[in-house]
Every structure is written in C-alpha cells, then in structure tokens.
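Asker: Just dropping this structure here.
Every number in this text was worked out from the coordinates using simple rules, so none of it is lab data. Owing to the predicted nature of the structure, the values given are computational and were not obtained by experimental measurement. A quick note on method: Cβ atoms are made from the backbone with ideal geometry, for glycine too, and the neighbour counts reach across all protein chains shown.
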Amino acid sequence: MIVLVLSVSAFNSCITYSFTGASIPITAKTISIGYFENNADFVNPTLSETLTQSLRDRFSSQSSLTLIPSGGDLQFEGEITNYKTSPQAIQGNDVAALTRLTVTVHIKYTNLIEPENNFDSSFSAYEDYNSELDLTSVQDGLIEVLKEMLIDDIFNKAVVNW
C-alpha cells in the first residue's frame, strides 16, 4: 500500500493537470511565443497579430505559465504560410456556390522540459462562405472562426496529451 501511495505521489509531482485538459510539466514555469510573420502570397494585415496574441491569450488564461519574450521552458515559433480562397460547390453553370478561405500556419514547438513532445508542424483551417459575398465583407468573421480552430489545434497538440 505504501508503494502505491509513493508511486502516485511521485507521478503527480511530475505533471500538472488543469480543467482544460492541459498536461504541462510542473517544472515548466515560462512560455515564449514569438510573433507569427505572415509569409503567405496574399497577406491579411491583421492576421499575424491576431494569431500571435490569441495563442498568448490561450496560454495565459489556461495555464499558470509566465509569458516571457524568449527562451521559455515552452517555446513557439511560427509563420503564416498560406491565406487563400478557392471555389467550392461548383454548380451546373460552372459557377461556385461557395468560396473557401483557408489559412495555414507552420509552428515549431520546443519543450525544454520534455523534448520528446517537440514538434514542427503545419496546421490548416478553412471556412466556406457564399460566393455572392465579397471576401472583405465576411473576412473578419471568417478569421475569428479560423483563428479559434487553429489555436485549438496548436494548443491541443502542444499540451493536451490524451
């Protein structure tokens, strides 16, 4: 029985859990999230700041990690590599009923405490909208949806080890 209690205590001291499902090493105290440059062919002027700040906000609100400019125990670097529209749901008259906005980001995650969890991956999200609408009229709403999808995927891959 004592061995069981000691084993559980030792396990619990290595990893901290939160109600969000995040599994962050208890020895990790800091996080650094670099600015995500927009290197896509088509550049949305606010997307870099929006994605960068949203990932910072997610970790600030859902972990006890301290955000620092660089050299954190957990580190994110990234860039926006794609921002494009493409026709979807082609109708009989060769006109698209929908247009798809796709955003792709490339993220390098470095975990100095548990390097086996490091990754270098791309994440994409898309949302369709009515082709009769101009992108500029729906862009802000689409970016809000895509941003949440991308941040969820990045956060989950980094610290939700289910």
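Asker: Using only DSSP helix segments of four residues or longer, with each worth -39500 (n - 2.57), what per-residue ellipticity at 222 nm results for the chain after dividing by its residue count and rounding to 500?
Answerer: For the chain, the value works out to -11500 deg cm²/dmol.
Asker: Compute the acute angle (0 to 90°) between the alpha-carbon long axis of helix 2-14 and the principal axis of greatest extent of the alpha-carbon atoms of the chain; round to the nearest 10°.
Answerer: The angle comes out near 40 degrees.
Asker: So, one more: What's the angle, to the nearest 10 degrees (0 to 90), between helix 135-159's Cα axis and the longest principal axis of the chain?
Answerer: The angle comes out at about 20 degrees.
Asker: Let me ask you something else. Can you give the net charge of the other residues whose Cβ lies under 14 Å from the Cβ of residue 148, counting K and R as +1 and D and E as -1?
Answerer: For residues surrounding residue 148, the net value is -4.
Asker: Okay, next question. State the antiparallel share, in %, of DSSP beta bridges confined to the chain, rounding to the nearest 5. Could you put the intermediate results ahead of the total?
Answerer: Values: 30 of 37 bridges.
In the chain, approximately 80 percent of DSSP beta bridges are antiparallel ones.
Asker: Using +1 at the C-beta of Lys and Arg and -1 at the C-beta of Asp and Glu, which of 113, 136, 85 has the Cα lying farthest in the positive direction of the dipole of the stretch 2-159?
Answerer: About the Cα centre, the residue reaching furthest to the positive side is 113.
Asker: Put a dot 7 Å past each Cα toward the Cβ at residue 140 and residue 120; how far apart are the dots in nm?
Answerer: With each label placed 7 Å out from Cα toward Cβ, I get 3.9 nm.
Asker: How large is the charge dipole for the chain, taken about the Cα centre, if only the Cβ atoms of Lys, Arg (+1) and Asp, Glu (-1) carry charge, to the nearest 20 debye?
Answerer: Using Cβ point charges on Lys, Arg, Asp and Glu, the chain gives about 600 debye.
Asker: Which of the lysines could a cross-linker bridge to residue 84, judged by Cα under 19 Å and excluding same-chain residues fewer than eight apart?
Answerer: Within the straight-line limit of under 19 Å, residue 84 reaches these lysines: 147.
Asker: Determine the equivalent ellipsoid of the stretch 2-159 by diagonalising the alpha-carbon gyration tensor, then write out the semi-axes as square roots of 5 times the eigenvalues, largest first, rounded to whole Å.
Answerer: 38, 17, 12
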